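The values are calculated or read from the model by the stated rules, or taken from the named source; none is laboratory data. A quick note: this is a predicted structure, and the numbers were derived from the prediction, not measured. Cβ sites come from the backbone with ideal geometry, for glycine too, and all protein chains shown count toward neighbours. For the accessible areas, the whole protein counts, side chains as well, though only heavy atoms, and no ligand, DNA or RNA atoms are used. Shrake-Rupley method; radii C 1.70, N 1.55, O 1.52, S 1.80 Å.
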Amino acid sequence: MNYLIKLIGLCLLPLVISCNRYIDVQPTPDKGPPTSTVRTLIDHYPQAQDIEFTTLVPNHFWRATFTYQRHRYQALTSPAQLLTTDQLVEGTIADSLTRLLESTVIAGGAFHNPRFRQFELNRTVVHPNGQFIDTYADYTWQQQSFTLRWSIAWPPTGKPFYNLYLLPVQMTQYTTDQLTDLPESIQASLRQQGMVFTEAQIEMDGSGKRRYLLFIQQPSRPPADQYWQLSYDEEGKFLAATNSATAQYFQQLDRLPPAVQQYLQRPELAGFGLGTKGGQFGSFARHDFGSLTTYAVNVEKGKQAWQMLFSGEGQLISRSFLAYGSF
């Protein structure tokens, strides 16, 4: 649902809430952002101006764009929480980041909407030296849309270290340690299998659908085998499960399902493999969780890697690209 909810004449909070104006271009709109949503945004950005809300998921998620200290921002908010906030970038992206991209197999695409991640629920996103840790941009490559993310680290010595990720289109991604933020079907599955929830990464794709990556503990297993990462889709369907302690690692390509072997012949994967020097990201692994089988296939070339998850039948579940290095 993409109808707009404009907040006009931002002033003191009681007046802000009372002067909402709704522009409805949908036949059956949701109720619009509640008072708690407006309050949460203003608590974080008390001098925000020209706020404009757009419904992403009716009655659940809204995107807010606004001006704060002469910069433009876009934020994702739920009824009670501010989930992420990005400062929109004016001008060009740092040369060190674009140079890293130009040296990879995904070079040659087009940037759109570059932005700095300024706030993310339950996660520090600004380094103590005041620099932004994550930079995002929409990226069109091979006539498809993706999300690019640069993650910047500052080692105790040496130059900044960059990780560049090519991801499926994301409206946002955030972390929660609240079990109630998950669909009831997922909560029920955890209870049924006796699993202890730690936290979850929630991704929202370009159409507003969510995917959940859960970090859980299964006390019924031996101590070294208890910790799993479980993936679910918007409807609560169980997609994948991985655990590095219980994984079955192998190097023979013919141990992968035929559909996976065929997928690895794609042009953008040419020259990528397990590596001959014990590379950091090259591995084939099978993960078994009950009746669910997941193949984690990571291939690398130099300081580039493709990281993929496949179902037991060989259907692609997720794929991301990683490049890393210092300048």
Query raised in the report: Applying the selection to the range 236-246, what residues are touching a Phe, Trp or Tyr at 6+ places or on another chain (Cβ under 9 Å) and either closer than 19 Å to GLN187 by Cα or open to solvent by less than 50 Å² (accessible area, probe 1.4 Å) (or both)?
Result: GLY236, PHE238, LEU239, ALA240, ALA241, THR242, ASN243, THR246
Query raised in the report: Taking the range 224-235, which residues are open to solvent by less than 20 Å² (accessible area, probe 1.4 Å) and within 18 Å of the chain's Cα centre (by Cα)?
Result: LEU230, SER231, TYR232
Query raised in the report: Mind checking which residues of the range 39-58 are open to solvent by less than 50 Å² (accessible area, probe 1.4 Å) and either modelled with pLDDT of 95 or more or touching a strand residue (DSSP E or B) at 6+ places or on another chain (Cβ under 7 Å) (or both)?
Result: THR40, LEU41, TYR45, ALA48, ILE51, PHE53, THR54, THR55, LEU56
Query raised in the report: Just wondering, is there one or more residues in the range 100-108 that are within 16 Å of ARG149 (Cβ to Cβ), among the polar types (S, T, N, Q), open to solvent by less than 40 Å² (accessible area, probe 1.4 Å) and part of a loop (DSSP other than H, G, I, E, B)?
Result: yes
Query raised in the report: Given the structure, is THR198 modelled with pLDDT of 95 or more, open to solvent by 60 Å² or more (accessible area, probe 1.4 Å) and outside any loop (DSSP other than H, G, I, E, B)?
Result: yes
Query raised in the report: Is it fair to say PRO219 is out of contact with any Asp or Glu (no Cβ under 8 Å at 6 or more places or on another chain), loosely packed, with under 12 Cβ neighbours inside 10 Å and without any contact (Cβ under 8 Å) to a residue 24 or more places away in the chain?
Result: no
Report task. Would you tally the residues in the range 162-184 being touching a strand residue (DSSP E or B) at 6+ places or on another chain (Cβ under 8 Å) and open to solvent by 60 Å² or more (accessible area, probe 1.4 Å)? Result -> 3
**Report entry** Leading residue by the ranking (farthest from the chain's Cα centre (by Cα)) among those in the range 204-216 that are open to solvent by 30 Å² or more (accessible area, probe 1.4 Å) and modelled with pLDDT of 95 or more
**Finding:** PHE215
Report task. Answer yes or no as to whether ALA80 is farther than 17 Å from TRP141 by Cα, loosely packed, with under 13 Cβ neighbours inside 10 Å and among the small types (Gly, Ala, Ser). Result -> yes
Query raised in the report: If you go through the range 116-132, how many residues are open to solvent by 30 Å² or more (accessible area, probe 1.4 Å) and either in a loop (DSSP other than H, G, I, E, B) or of a type in the set (Phe, Trp, Tyr) (or both)?
Result: 10
Report summary line: Of (1) among the charged types (D, E, K, R); (2) over 21 Å from SER326 (Cα atoms); (3) in a loop (DSSP other than H, G, I, E, B), LYS159 satisfies every one except (2)
Query raised in the report: Restricting the search to the range 228-237, which residues are over 19 Å from PRO168 (Cβ atoms) and modelled with pLDDT under 95?
Result: GLY236
Requested in this report: Please determine, by comparing only the residues of the range 146-161 that are touching a residue at least 24 places away in the same chain (Cβ under 8 Å) and farther than 18 Å from GLN307 by Cα, which one is surrounded by the most Cβ atoms within 10 Å (Cβ to Cβ).
Outcome: ILE152
